[in-house]
Amino acid sequence: MIFLRYHGKVGTACAVGAWTATAGLILLAGFLAVRGWGVLDPAFFLSSPSRDPGRAGIGPALAGTLWLALLTVAFALPVGVGAAVYLEEYAPKNRWATFGESVVVSLAGVPSVVYGVAGLAVFVRAMGAGRSILAGGLTLAVLALPVVIATSREAIRSVPDGLRRAAYGLGATRWQVLRHQILPAAAPGIATGSCLAFTRAVGEAAPLLVIGAASFVTFAPQGPGDPLISLPTRIFAWTTHAQPEFGALAAGAAIALLLLLLAANLAVLAARRRMRRAYL
């Protein structure tokens with residue numbers, strides 16, 4: 001009886017926390033919609049920044065964000081999943097493996113501005129990438145990497161051990177078990193965790209500002225070597241502008257960023273369902 005009463009209180013507290021967080025998100029989205037919905041038109045998404053609020057848009061910043069998302073996924077996903085597979089399936093279970101786990105967990109909690117400082121020192125200066133889309137994508141990939149590794153390891157660890165034993169009992173090799181059983185079963189969890197990491201990375205402004213994101217670019221980036229610009233840094237620039245009219249533009253850009261991240265999450269959710277059906 002005491003056990004049921006205790007768990008009932010815990011469930012109530014969790015429900016209150018979930019509804020409070022949902023209400024806060026709804027209020028935030030409502031504030032942005034009221035403030036910035038009026039600027040959302042096709043010209044806003046295609047136009048370049050301007051000193052005239054009536055002509056300003058997010059075209060270059062939106063293109064830069066898409067480039068950053070592509071580079072982040074291209075660098076962080078294969079490295080993160082590969083590291084998770086090695087740590088979970090191949091690495092010896094000793095003190096070094098335990099130390100590696102603690103390092104990954106610690107890096108996942110490091111403030112994003114620290115990654116910006118590291119990106120400035122390594123990618124911008126040491127590697128000579130400059131203040132470019134490439135340097136920004138590499139920095140965001142490093143930022144997302146610990147979360148990708150941690151969530152991928154949990155997804156691999158959640159695969160029933162009986163599945164491995166059955167495959168080995170049928171004569172499958174270690175690589176065949178990994179390729180045909182473990183990774184397909186863990187793919188939905190890997191996709192979900194990776195999406196959370198990438199959406200958090202793409203929505204970051206602090207590391208890109210430390211690297212030296214351009215404050216005013218009037219052309220859309222055509223490749224990784226073009227100047228670094230993104231929606232979060234464009235929002236930051238507009239919110240710090242002296243003219244109050246730019247506040248509505250910042251709210252409109254924030255709505256565009258939220259819609260972009262929502263579309264990415266919906267796409268991953270659809271892919272996850274397809275992966276589950278294909279595996280089952």
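The values are calculated or read from the model by the stated rules, or taken from the named source; none is laboratory data. Because the structure is predicted, anything quoted here is derived from the model rather than measured. We place every Cβ from the backbone using ideal geometry, glycine too, and count neighbours over all the protein chains shown.
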| note | In the stretch 36-53, anything of a type outside the set (Asp, Glu) and within 15 Å of Leu259 (Cβ to Cβ) is listed as Gly36, Trp37, Val39, Leu40, Pro42, Phe44, Phe45
| said: Condition first: surrounded by 14 or more Cβ atoms within 10 Å (Cβ to Cβ) and either assigned to a loop (DSSP other than H, G, I, E, B) or touching an Asp or Glu at 6+ places or on another chain (Cβ under 7 Å) (or both). Can you find one or more residues in the stretch 243-264 that meet it? | reply: no
| query | So which of Gly169, Gly225, Gly212, Gly162 is farther than 30 Å from Leu27 by Cα and in contact with a strand residue (DSSP E or B) (Cβ under 8 Å, 6 or more places away or on another chain)? | reply | Gly225
| field | Failed condition for Lys9, given (1) modelled with pLDDT of 80 or more; (2) surrounded by fewer than 13 Cβ atoms within 10 Å (Cβ to Cβ) | value | (1)
| task | Starting from the stretch 70-83, take each residue that is part of a helix (DSSP H, G or I) and list its partners that are buried (at least 20 other Cβ atoms within 10 Å of the Cβ) and aromatic (Phe, Trp, Tyr), counting only C-beta distances under 8 angstrom and pairs at least six apart or across chains. | result | Thr72/Phe198; Val73/Phe198; Ala76/Phe198
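Could you please find all residues in the stretch 48-61 being surrounded by 17 or more Cβ atoms within 10 Å (Cβ to Cβ) and not in a helix (DSSP H, G or I)? Steps first, answer last, please.
So in the stretch 48-61, the residues surrounded by 17 or more Cβ atoms within 10 Å (Cβ to Cβ) come out as 49, 56-61.
Pro49, Ala56, Gly57, Ile58, listed by residue number.
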| In this structure, is Ala191 farther than 30 Å from Arg55 by Cα and aliphatic (A, V, I, L, M)? | yes
| remark: Within the stretch 100-130, of all residues that are modelled with pLDDT under 90 and not in a helix (DSSP H, G or I), the one surrounded by the most Cβ atoms within 10 Å (Cβ to Cβ) is Ala129
| query | With respect to Leu143, is the statement that it is modelled with pLDDT of 90 or more and under 13 Å from Val73 (Cα atoms) true? | reply | yes
| message | Scan the stretch 50-58 and tell me whether some residue there is at pLDDT 80 or above, within 28 Å of Ala201 (Cβ to Cβ) and of a type in the set (S, T, N, Q). | response | no
| Leu25: closer than 30 Å to Glu245 by Cα and exposed (fewer than 12 other Cβ atoms within 10 Å of the Cβ), yes or no? | yes
